[in-house]
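J.: Questions regarding the structure given below will be posed in turn.
Every number in this text was worked out from the coordinates using simple rules, so none of it is lab data. Just so you know, these numbers come straight off a predicted model, no measurement behind them. For neighbour counting, all protein chains shown are included, and Cβ atoms are generated from backbone atoms with ideal geometry for every residue, glycine included.
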Amino acid sequence: MRNPNQVYELLLDTASAKQKVERLLIGQVWTVCQAGHSGLAMSPAIASRTLPWAGTLQGKSLTELTSWLTDWDFFKATVGLSAINCSLNNRTPLSGTIIEPEQGKANLAVFEHFFPQIKDQKIVVIGHYPGIEQYYSSYKLKVIERQPTGMDYPDSAAELLIPEADWVFLTATSIANKTFPRLLELASNAKTVLMGPSTPWLPELSEFSVDYLVGVEVVDNDMLFQTAGEGGGVRIFDQSVRYKVVDLVSEPTNNN
């Protein structure tokens, strides 16, 4: 396993691109960077009335914005991650399995796909996904959330809960907020699924003991931009994106 802190160097080196940003949106839930294809990252769950660079990002190169990933300003880091995903999404996509969700469960499609296969395993999910509480009665499930509600555990519980888990579902937002390296260290003995619309399609993440990438494939760039701009959260799954699973261990990834 590579040092998890090196993931930022890997992402910046791999996602460098000279393409110009066509438009960029920091929505209520999603930040969307478009330069050909779209790249997503979850917007910070905080409000800001002053972003000094607002109105200046369109026309910059993706490389200029990808470098923001390592910034400790979470808005800049989020823009950086969306630009990285935009750059990676302009390449030939990784082969994988499209998840066909049940009606009304699109945002929970990842859990619907994996949970029945690991019913008796200890599961930890990083990040509270709307509706995930419905699985508590059927699975050995614990949810860790930075802003806990209901039966969620606070993020400080990660130090104790993750090393005991058999499976860890890790939100890719952790890359932007810089908790990713430590969470990976804690999950070193578990099967690890890096998931969510912020997930970079980068097969080299297997070198950091990530077993599965479960991100989104954008099917309608314009609708994605509109939905995110109108405050859409899970609504992006209606017409704009769909989940895809890439197994980094059992099935070698390729660019066919």
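J.: Once Rh is set to the Kirkwood radius over Cα pairs, what Stokes-Einstein translational diffusion coefficient, in µm²/s, holds for the range 23-138 at a temperature of 4 °C and a viscosity of 1.567 mPa s?
T.: Values: Rh = 16.5 Å.
Translational diffusion coefficient: 78 µm²/s.
J.: Oh, and also: What's the ranking of 88-95, 33-40 by average number of surrounding C-beta atoms within 10 Å, highest first?
T.: Working: 88-95: 16.2, 33-40: 24.2.
Peptide ranking by packing, descending: 33-40, 88-95.
J.: Treating only the Cβ atoms of Lys and Arg (+1) and Asp and Glu (-1) as charged, compute the dipole magnitude of the chain about its Cα centre; round to the nearest 20 debye.
T.: Numbers: 20 positive and 28 negative charges, 89 e Å.
In debye, rounded to 20, the chain gives about 420.
J.: Hey, any idea what the orientation-averaged projected area of the convex hull of the range 3-43's Cα atoms comes to, in nm²?
T.: Average projection, Cα convex hull of the range 3-43: 3.5 nm².
J.: Under a GNM of the chain (C-alpha, springs under 10 Å), which listed residue has the highest mean-square fluctuation: A176, A41, A165?
T.: Ranking A176, A41, A165 by mean-square fluctuation puts A165 first.
J.: Follow-up question, since we're still on this one. Out of all Cα-Cα pairs in the range 4-89, roughly what percent, to the nearest whole number, are more than 16 Å apart? Walk me through the numbers on the way to the answer.
T.: Values: 1670 of 3655 pairs.
Value for the range 4-89 (Cα pairs over 16 Å): 46 percent.
J.: Further, regarding this structure: Principal axis lengths of the chain from Cα atoms, whole Å, largest first?
T.: 50, 36, 36
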